[in-house]
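Novice: Attaching a single structure in structure tokens format; questions to follow.
The values are calculated or read from the model by the stated rules, or taken from the named source; none is laboratory data. Since we're looking at a predicted model, the values are computed, not measured. With ideal geometry, Cβ positions are generated from the backbone for all residues, glycine too; neighbour counts draw on all protein chains shown.
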Amino acid sequence: MLKFLPERVLRMSKYRLTFAARQDLREISRYIEERNPQAAIRVLLRIETQLSLLGENPMLGEAWDHNIPGLRRFSLKGNYVGFFRPLADGIEVVRILHGARDADALIDD
């Protein structure tokens with residue numbers, strides 16, 4: 001199991017993951033790993049790279065009209081979308097969802 005990868009992502013300094021975003025990464029890892037362990041590593045490392053980029057450039061992506069003030073979204077590796085809020089020192093990642101999921105129903109404040 002690729003448990004080490006989500007934990008590595010959690011330690012990044014320019015972004016913070018909510019509990020829900022951590023769970024999302026674990027689910028992504030498990031789902032892809034069952035089918036292709038090497039692909040799971042590649043996808044999670046790419047997501048980590050993209051979250052680091054967002055942490056350095058918190059106004060990337062687009063504003064997303066939702067009930068959380070300042071919420072933005074950014075397309076991540078594959079069909080995943082990251083939902084985040086800019087902070088003074090980076091970003092807070094609220095959720096990481098597959099693009100086919102109903103984000104409105106899954107994201108709450």
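Novice: Check whether at least one residue in the range 77-90 is aliphatic (A, V, I, L, M) and surrounded by 20 or more Cβ atoms within 10 Å (Cβ to Cβ), and report yes or no.
Specialist: no
Novice: Another question, then. Can we say Y15 is under 21 Å from I107 (Cβ atoms), crowded, with 20+ Cβ neighbours inside 10 Å and among the hydroxyl-bearing types (S, T, Y)?
Specialist: Against the criterion (under 21 Å from I107 (Cβ atoms), crowded, with 20+ Cβ neighbours inside 10 Å and among the hydroxyl-bearing types (S, T, Y)), Y15 qualifies.
Novice: Now, a different point. Please go through (1) without any contact (Cβ under 8 Å) to a residue 12 or more places away in the chain; (2) under 12 Å from V93 (Cα atoms); (3) of a type in the set (D, E) for E34 and return the number of the only condition it doesn't satisfy.
Specialist: (2)
Novice: Within the range 72-96, track down each residue that is of a type in the set (S, T, N, Q) and not in a strand (DSSP E or B).
Specialist: N79
Novice: Go through P6, P69 for me and flag whichever is under 19 Å from I107 (Cβ atoms) and either modelled with pLDDT under 90 or assigned to a helix (DSSP H, G or I) (or both).
Specialist: Sole residue among the options that is under 19 Å from I107 (Cβ atoms) and either modelled with pLDDT under 90 or assigned to a helix (DSSP H, G or I) (or both): P69.
Novice: Now for a separate question. May I ask you to verify whether G61 is within 17 Å of G82 (Cβ to Cβ) and at pLDDT 90 or above?
Specialist: no
Novice: Another question about this same structure. Scan the range 41-91 residue by residue and report those that are within 15 Å of I28 (Cβ to Cβ) and touching a Pro at 6+ places or on another chain (Cβ under 9 Å).
Specialist: Once the filter is applied, which keeps residues that are within 15 Å of I28 (Cβ to Cβ) and touching a Pro at 6+ places or on another chain (Cβ under 9 Å), the range 41-91 yields only L44.
Novice: Okay, next question. Being within 15 Å of the chain's Cα centre (by Cα), under 14 Å from H98 (Cα atoms) and surrounded by fewer than 17 Cβ atoms within 10 Å (Cβ to Cβ) narrows it down to one residue among E62, E27; which is it?
Specialist: Criteria check complete, one pass: E27.
Novice: Moving on to the next point. With respect to the numbered conditions (1) within 13 Å of G90 (Cα to Cα); (2) surrounded by fewer than 16 Cβ atoms within 10 Å (Cβ to Cβ); (3) in contact with an Asp or Glu (Cβ under 9 Å, 6 or more places away or on another chain), which one is the sole condition not fulfilled by N57?
Specialist: So N57 meets the others, but not (3).
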